[in-house]
1. At a 1.4 Å probe, what is the % contribution of carbon and sulfur to the accessible area of the chain?
2. Under the rule of -39500 (n - 2.57) per DSSP H run of 4 or more residues, summed and divided by the residues of the chain, what mean residue ellipticity at 222 nm is obtained, to the nearest 500 deg cm²/dmol?
3. Compute the projected area of the convex hull of the Cα atoms of the stretch 198-267, averaged over all viewing directions, and report it in nm² to one decimal place.
4. If I take every Cα pair under 8 Å that is 6 or more residues apart in the stretch 1-115, average their sequence separation and divide by the length, what percent do I get for the relative contact order?
5. Report the extension gain between GLU130 and ARG21 in nm, rounded to one decimal, defined as 0.36 nm multiplied by the number of residues separating them, less their alpha carbon distance.
6. What three numbers, in Å, describe the spread of the alpha carbons of the chain along their principal axes, ordered from the longest?
7. Ignoring GluC sites (Glu not before Pro) that are buried or in helix or strand per DSSP, and keeping those with at most 12 other beta carbon atoms within 10 Å, what is the longest stretch of the chain between them?
8. Exactly which trypsin sites (Lys or Arg not before Pro) in the stretch 313-384 are in a DSSP loop and have at most 11 other Cβ atoms within 10 Å?
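The values are calculated or read from the model by the stated rules, or taken from the named source; none is laboratory data. None of the values given here were measured: they were computed from a predicted structure. Cβ coordinates were reconstructed from backbone atoms using ideal geometry, including for glycine residues, and neighbour counts include every protein chain displayed. The area values use the complete protein model at the heavy-atom level, side chains included, leaving out ligands, DNA and RNA. Shrake-Rupley method; radii C 1.70, N 1.55, O 1.52, S 1.80 Å.
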Amino acid sequence: MQGLMQDWPLLISRLIDHAERFHSQVEIVTETVEAGRHRYTYAECAVRSRKLAQALERLGIKKGDRVGTLAWNTYRHFELYYGISGMGAVCHTLNPRLFPKDIAWVANHAEDQVLFFDLTFLPLVRELEEHFKTVKTFVMLTDQSNMPKSLPANYLCYEDLIDGGDGNYAWPALDENDAASLCYTSGTTGNPKGVLYSHRSTVLHAMAVIVPDAFNLSTRTILPIIPMFHANAWGYPYTAAIVGCKIVLNGPHFDGKSIHTLIKEEQVHITTAVPTIWLGLLDYLKETGQDLEPLEGLGIGGAAAPAFMIKAFEDFGVNVHHAWGMTEISPVGTMGSMNSITARWPLEEQQKLKQKQGRGLFGVEMKIVVADGSEAPWDGKTFGALYVRGPWTLKRYYRANDSALDEDGWFDTGDVATIDEFGYMQITDRAKDVIKSGGEWISSIDLENAAMGHKDIARAAVIGRPHKKWRERPLLIVVLEEGAVLDKDSILKFLTGKVAKWWLPNDIVTVDEMPLSGTGKVKKTGLRETFKDHKWPDES
Ligand code: ADP
């Protein structure tokens with residue numbers, strides 16, 4: 001017997017319709033690329049998204065066509081999220097921080113028909129123009145007054161383009177499993193791989209991250225610093241429309257001062273970013289002695305949250321949400337929130353627990369698999385390959401022939417992790433970064449996090465280097481705080497007792513700057529290259 005309830009496809013266009021009806025006056029605020037702060041409402045955004053859909057139809061875009069974006073977090077990018085997917089095309093967010101040759105490769109692989117881009121990227125687009133094989137039209141996300149002169153005829157102005165419609169447009173009735181958006185992984189190994197999200201996966205994921213046990217969105221004001229060009233900005237552009245959050249978008253501004261100014265002036269309650277951004281904000285707070293009021297919650301993800309960072313923000317009265325995820329899973333998988341037992345633990349214990357990446361959201365099944373292929377116990381100690389399964393995890397990469405899953409439908413995340421008896425997962429490493437010393441594994445993440453607590457260390461990364469006796473040993477690479485000098489003994493003494501004795505790095509070296517990937521994470525491939533000939537102190 002079947003249930004007798006309505007079949008109501010989960011479509012992205014329904015989110016913006018909902019926002020227009022129920023939160024029409026709520027604001028979306030942007031620190032613009034051109035200069036100055038722009039503000040308008042969900043109602044205005046909804047009309048402009050429909051005008052954009054009309055413009056896409058005029059440009060000949062059809063259901064399933066890929067439309068590229070190369071843009072910061074702005075209200076126009078927000079409209080693109082809705083206008084493109086809503087009319088049945090696929091919103092392909094390109095990451096401007098990739099190497100130019102990779103950007104062209106990705107646009108060609110996706111067969112993007114139109115490319116929308118911010119003023120910032122005009123030189124990049126002109127440089128790549130001849131390498132884009134399928135893009136017919138380039139649209140600059142600006143108005144006529146900011147349009148550079150003497151551009152080729154196929155370079156259009158966004159405001160003029162959408163002005164050609166009246167917004168009187170009915171979203172098509174799509175299948176909820178139709179493709180909605182496309183995002184490529186950064187391709188640290190080989191070519192980037194495309195993850196093709198559906199309307200259904202996007203809406204389900206959006207609903208899952210709202211709850212108090214995840215980002216606790218409700219009717220808060222949010223500042224998603226996590227870029228809309230990478231993994232859908234953790235789904236915020238969609239979740240916000242469900243609950244009617246006021247949204248504050250930082251445009252091309254990522255420094256501590258700009259972020260702090262937005263938090264204060266727009267009265268932000270929740271903000272999210274990768275740890276690198278938070279280091280910048282903490283530095284700014286230290287320099288200026290300012291506070292973070294009225295901020296309530298701060299999301300950290302994309303890379304592990306070090307203990308000192310969790311404590312620093314919680315000392316400001318802000319609740320840290322440590323999240324784990326990846327492009328392939330839309331991207332949020334776990335959240336380091338408390339459950340009804342751990343919420344009663346002393347604050348210090350809770351903060352320790354928050355260093356773990358947290359429990360799976362409903363919709364994310366997880367398991368840990370050890371070397372012999374068997375499933376590891378959830379004891380918080382045994383680590384192995386982390387597998388996931390669920391309605392917003394991919395099954396196959398875009399244009400790939402083979403499934404990305406094993407025969408039971410599990411996706412191997414490429415991460416190595418433990419899960420404890422309360423269901424809290426902790427990432428030990430990416431499988432390719434694990435250091436194998438004498439047959440035992442050393443967690444580079446644990447070592448890095450411990451090192452970041454030392455007063456002289458601004459940034460830390462650990463890589464494995466070959467060692468005659470132990471096969472591999474850890475090398476600690478640090479960026480020192482301004483004015484500090486490298487004192488290896490003091491660092492080793494500091495680490496003793498915080499990590500197992502045999503984990504202590506065999507050497508410590510400094511760099512002026514950490515090489516960062518397109519998603520703001522330390523690029524270990526770059527460090528391995530730099531230190532490939534590094535000799536251990538006991539080697540001659
Ligand atoms: P990219 O591969 O381009 O860096 P992703 O965002 O897809 O982009 O990266 C996902 C990976 O980032 C995960 O597989 C994991 O290794 C790492 N990661 C994400 N969140 C965390 C976290 N909270 N702690 C540790 N590692 C994390």
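1. It is 51 percent, rounded to a whole number.
2. When only DSSP H runs of four or more count, the value is -8000 deg cm²/dmol.
3. 4.9 nm²
4. The value is 24 percent.
5. Length gained between GLU130 and ARG21: 34.9 nm.
6. The Cα atoms of the chain stretch 71, 65, 48 Å along their principal axes.
7. 1-406
8. Here the sparse-neighbourhood loop sites are LYS381.
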